[in-house]
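Below is one structure, written out as structure tokens; comments come after it.
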Amino acid sequence: MKRYVILLLIWCMCTTCTSKPVSSYPNVYTLKAADTAPGEQADETPAEPVGEGLLPPGEAGLPVSSFAEIWGYVVSGRERFFKPEMPVSDIGYFGAEVNIYGQLAGVPDPKNIPDFSGRIHLVAVCNGQALSHFALMEGGQVRRKLIADLLEASKPFNGLQVDFENVPARDGDSYRSFLKELRQGLGAKMFTVALSARSKPRENDVYDYGKIKGMVDRILVMAYDEHWSASKPGPIASMDWCRAVAAYSLKTIGPEKLIMGLPFYGRSWGNWNPSEAYIYSTIQRIKEEQGITEISREKGIPTFTYQAPVTATVYYEDDYSLSIRMEMYRTMGVQSIGFWRIGQESPTIWNRLRLIREE
């Protein structure tokens, strides 16, 4: 039987801490350089209290946060996780994908989400720098066909969202002209983009908020993956980092067009991963360290199995951490939020949300 040493570092503290005031929790309120995105410096804006008035973890009475728009992302094939009673104004239906030939593939059918009275947006994704460069090349036949296919595919939807996350640095102008052409072709249909998180301006930024906001109706700022699978362990979206991203987004985009993205998911980091290629000398060292004495063969190929302890560090989101973040955004002036993605959340988080409906 494998032995695992599991170390759970819970971002929102443990539920046994019931007497500690919210303002005394460490590593939540003061922005530090370690909490900024890779390559960024800490925002010098003084930190404001996060979660002011919220009860400590484990206690009832978390606030109900109200927003003008609440977006939820639904992945094709997992529509069953969406419930019509959820306080959601917009669904980002994920999603159509630009394939290796630069063609649009995998367009979902909005009829697969019945009994929803809000807006459903087709989300179009392009992964990979080389593919993005190929698909966005100005004057190219592939780009012309892709734009035509996106406009056609979006017809049964209320809107279109472009989620191109790996556009090469030198293709900023091509990306923005691509958005401009889509905007013109969509007419009155709602047009949105999903952009990487920023807490300050970047030189020659492909995703320059100021240059893009005039071309679209909404910008979803993906304020998550501050720490990712290949980084050191840490929160998917620390409170101070999110505050800096929200402050910059409100300033450059404005509350009318801004959607602040929140994660429902968590991540785990292990101190050791055996899944890699080994040279012969390394194999011999492992055999010695693990005391391997029995080698079996599969049609002549040597193989052995061994067990080793693993330490795992986990960061995740629960009702409390999401409530802190939502209330922080609300008090900062954020009017719209979006969740990636429906089906990954604590089911009771929907009790902590209210959609402001126009009379």
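No value in this document is a laboratory result; all are computed from the given coordinates. Keep in mind the model is a prediction, meaning the values are calculated, not measured. Here the Cβ positions follow ideal geometry from the backbone for every residue, glycine too, while neighbour counts run over all protein chains shown.
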Open item on the list: Could you tell me how far the Cα centroid of the range 77-94 sits from the Cα centroid of the range 302-359, in Å?
Closed with: 16
- [ ] Would you mind checking the pairs LYS111/LYS189; LYS83/LYS180; LYS211/LYS232; LYS83/LYS257; LYS180/LYS200 and listing those with alpha carbons more than 29 angstrom apart?
- [x] LYS83/LYS180; LYS211/LYS232
Task: Cβ crowding within 10 Å averaged over residues, with 106-116, 80-90, 235-245 ranked highest first - done: 235-245, 80-90, 106-116
Open item on the list: Charges at C-beta only: +1 for Lys and Arg, -1 for Asp and Glu. How large is the resulting dipole of the range 213-359 about its Cα centre, in Debye rounded to 20?
Closed with: 300
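Of the listed peptides 274-283, 172-181, what is their order by residue-averaged count of other C-beta atoms within 10 Å, with the highest listed first?
The packing order, highest mean first, is 172-181, 274-283.
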Open item on the list: Take PHE81 and ASN158, extend 7 Å from each Cα along the Cα→Cβ direction, and tell me the distance between the two endpoints in nm.
Closed with: 2.1
Open item on the list: Under a crude label model (7 Å from the Cα following the beta-carbon direction), how far is ALA148 from ASN271 in nanometres?
Closed with: 5.9
- [ ] Would you mind checking which residues have amide H under 5 Å from TRP340's amide H? H placed 1.01 Å from N; only 5 or more apart, or other chain.
- [x] LEU262, PHE264
Task: Mean shadow area of the range 247-359 over all directions, Cα convex hull, nm² - done: 13.2
Task: Listed peptides 303-311, 163-171 by packing density, highest first (mean Cβ within 10 Å) - done: 163-171, 303-311
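Gain in length, ALA230 to SER296, computed as 0.36 nm per residue apart minus the alpha-carbon separation, to one decimal in nm?
20.4 nm
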